[in-house]
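The values are calculated or read from the model by the stated rules, or taken from the named source; none is laboratory data. All of these numbers come straight from a predicted model, not from anything done at the bench. Cβ sites come from the backbone with ideal geometry, for glycine too, and all protein chains shown count toward neighbours. Keep in mind that these areas ignore ligands, DNA and RNA; they rest on the heavy atoms of the full protein, side chains included. Shrake-Rupley method; radii C 1.70, N 1.55, O 1.52, S 1.80 Å.
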Amino acid sequence: MKILLVGSGGREHALGVGLQADPACTELHVAPGNPGIAQFAQCHPLAITDNQAILELAQRLHIDLVVVGPEVPLVNGVADILRAAGIAVFGPSKAAAQIEGSKNFAKEIMRDAGVPTAHSFTCTTQAEIEIALDAFDAPYVVKDDGLAAGKGVVVTNDRQEALAHALACKRVVIEEYLTGPEVSLFGISDGTTIVPMQPAQDFKRAFDGDEGPNTGGMGAYSPLPWAPSDIIDDTYTRVLAPMIAEMAARGTPFVGLLYAGLALTDHGTRVIEFNARFGDPETQVLIPLLKTPLATLLYKAATGNLEGTTLDWKDDSAVTVVLAAEGYPAAPKGGAVITGFSAIENVQIYHAGTSVTEQGVVSSGGRVLTITGIGEDLTEARNRAYRAISQISLAGSFYRTDIALNASVAEKGN
Ligand code: AMP
Ligand code: GLY
């Protein structure tokens, strides 16, 4: 099977490693890819917003399966164009990708499917916004309805700030603040059957102790030793299966990765958000732990054949730590040389924002590398990831030192 993977981040590097490891994958192409992926797959430069270029590349290479990494091409309808040309795609249609592209759409589906989530108001006028803000106490949660590259959500105690953000959005969802640990739980769907993965947790704030601005994600780990033992079954029954049934009933079946961002509150699980694609950096811990051959799995999903599929996982734990460029997330600086990342056993170094120049490998994005350690438990996985990242030099770069720290302490106490 010839596969084309679309995207260029750490998530795609991890997916690429997983796809390549499946003997069913005979050729792996990536568009546009990155220098890490180029070590084992053929990269093709193109803009991921260019649907026609992606279609032409897939046709020219006689691709059997396209796997779409990021949300932008999905919301842009790339899956529809590829499917119309008879190519199997892992990734939802433009209509189904609205689950991530519009917060209001996601709320409507959840309401109709009976999926537990925060109470909310969708507003377009200042009067509606004021009523919604008054209906909930601080902290206020204000979400831009549209895709906003991680900048759409403001959580604040300051009513003025909440109002200002709401007024800056065309349409805005204002909702109840949920208290409790956050969990990412992904399901792989063929449109009618959805197969849950094991949960992961990511760290969204830039600095230790969950301080600083929101980012795309500074690290992640899996499994979660502290999570309720029925979390996978419970999320499947109450969230993933009803969402897939509702999407199918509406004539917009969801084929691809349904990412449920959950809050485990005192009143039970509530959905914070859905994404229409693999999470980054959760993918960088889940793929190294997944034993089920990835290319075959995603092909089954893309062709409606997931029924009866269950996933096999390693008994190990994985911890990933993101090395971020100076100035990330507001204004990351690129162009600095990276050294010290040689191959280490039980460590995977995924490229996220790098380029190759005459000076060697240099930074070219906010999140530069993602370093995953694998071990018998979180403590060992953590130690391996942190030992590896401490050997890497990149001027001005930083990383969080507390990824999976509390979970690894809790695990020891068990
Ligand atoms: P999102 O862009 O939807 O992932 O939101 C970013 C972050 O905002 C989430 O990871 C949460 O930490 C926080 N957040 C979003 N919605 C809520 C909510 N209803 N209650 C508490 N925190 C929230
Ligand atoms: N890990 C957060 C995201 O992928 O949106």
Yes/no for I287 being out of contact with any Leu (no Cβ under 6 Å at 6 or more places or on another chain), modelled with pLDDT of 95 or more, of a type outside the set (D, E, K, R) and within 16 Å of ligand 1 (Cβ to nearest atom)
no
Which residues, taken from the stretch 89-113, are part of a loop (DSSP other than H, G, I, E, B) and touching a residue at least 24 places away in the same chain (Cβ under 8 Å)?
G91, P92, S93, A95, A96, A97, S102
Scanning the stretch 26-43 residue by residue, those over 23 Å from the mean Cα position of the chain (by Cα) and either part of a strand (DSSP E or B) or hydrophobic (A, V, I, L, M, F, W, C) (or both) turn out to be E27, Q42
Might you check whether a residue that is closer than 19 Å to I99 by Cβ and either surrounded by 16 or more Cβ atoms within 10 Å (Cβ to Cβ) or at pLDDT 95 or above (or both) occurs anywhere in the stretch 43-58?
no
Those residues of the stretch 388-414 which are among the charged types (D, E, K, R) and in contact (Cβ under 8 Å) with a residue 40 or more places away in the chain, in sequence order:
R400, D402, E411
Of all the residues that make up the stretch 241-267, how many are surrounded by fewer than 19 Cβ atoms within 10 Å (Cβ to Cβ) and among the acidic types (D, E)?
1
Check A301 against each of (1) closer than 14 Å to I99 by Cβ; (2) more than 16 Å from ligand 2 (Cβ to nearest atom); (3) not in a loop (DSSP other than H, G, I, E, B) and name the one condition it does not meet.
(1)
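Per-residue answers, yes or no, for (1) over 12 Å from the mean Cα position of the chain (by Cα); (2) at positive phi:
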position: E175; (1), (2): yes, no
position: L178; (1), (2): yes, no
position: G191; (1), (2): yes, yes
position: Q201; (1), (2): no, no
position: K204; (1), (2): no, no
position: E211; (1), (2): yes, no
Only one of L405, L378 is more than 25 Å from V30 (Cα to Cα), surrounded by fewer than 23 Cβ atoms within 10 Å (Cβ to Cβ) and of a type in the set (A, V, I, L, M, F, W, C); which?
L405
Mind checking which pairs have a first residue in the stretch 332-346 that is loosely packed, with under 15 Cβ neighbours inside 10 Å and a second that is part of a loop (DSSP other than H, G, I, E, B), Cβ under 6 Å, 6 or more apart or different chains?
K333/A325; K333/E326; K333/G327; V337/Q359; G340/Q391; G340/I392
Selected residue [among the basic types (K, R), open to solvent by 50 Å² or more (accessible area, probe 1.4 Å), in contact with a strand residue (DSSP E or B) (Cβ under 9 Å, 6 or more places away or on another chain) and not in a helix (DSSP H, G or I)] from R270, R238
R270
Residue selected from the stretch 8-23 under the condition open to solvent by less than 40 Å² (accessible area, probe 1.4 Å) and more than 16 Å from S355 (Cα to Cα), by the criterion farthest from ligand 2 (Cβ to nearest atom):
D22
Would a scan of the stretch 353-363 turn up a residue that is under 27 Å from E182 (Cβ atoms), polar (S, T, N, Q), in contact (Cβ under 8 Å) with a residue 12 or more places away in the chain and not in a strand (DSSP E or B)?
no
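If I filter the stretch 122-140 down to residues being part of a loop (DSSP other than H, G, I, E, B) and not acidic (D, E), which single residue comes out as surrounded by the most Cβ atoms within 10 Å (Cβ to Cβ)?
F136
Among S184, S189, which is among the hydroxyl-bearing types (S, T, Y), in a strand (DSSP E or B) and within 13 Å of ligand 1 (Cβ to nearest atom)?
Details: S189 fails: within 13 Å of ligand 1 (Cβ to nearest atom).
Only one candidate qualifies: S184.
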For the stretch 141-197, name all the residues that are among the aromatic types (F, W, Y) and either surrounded by fewer than 19 Cβ atoms within 10 Å (Cβ to Cβ) or modelled with pLDDT under 95 (or both).
Y177
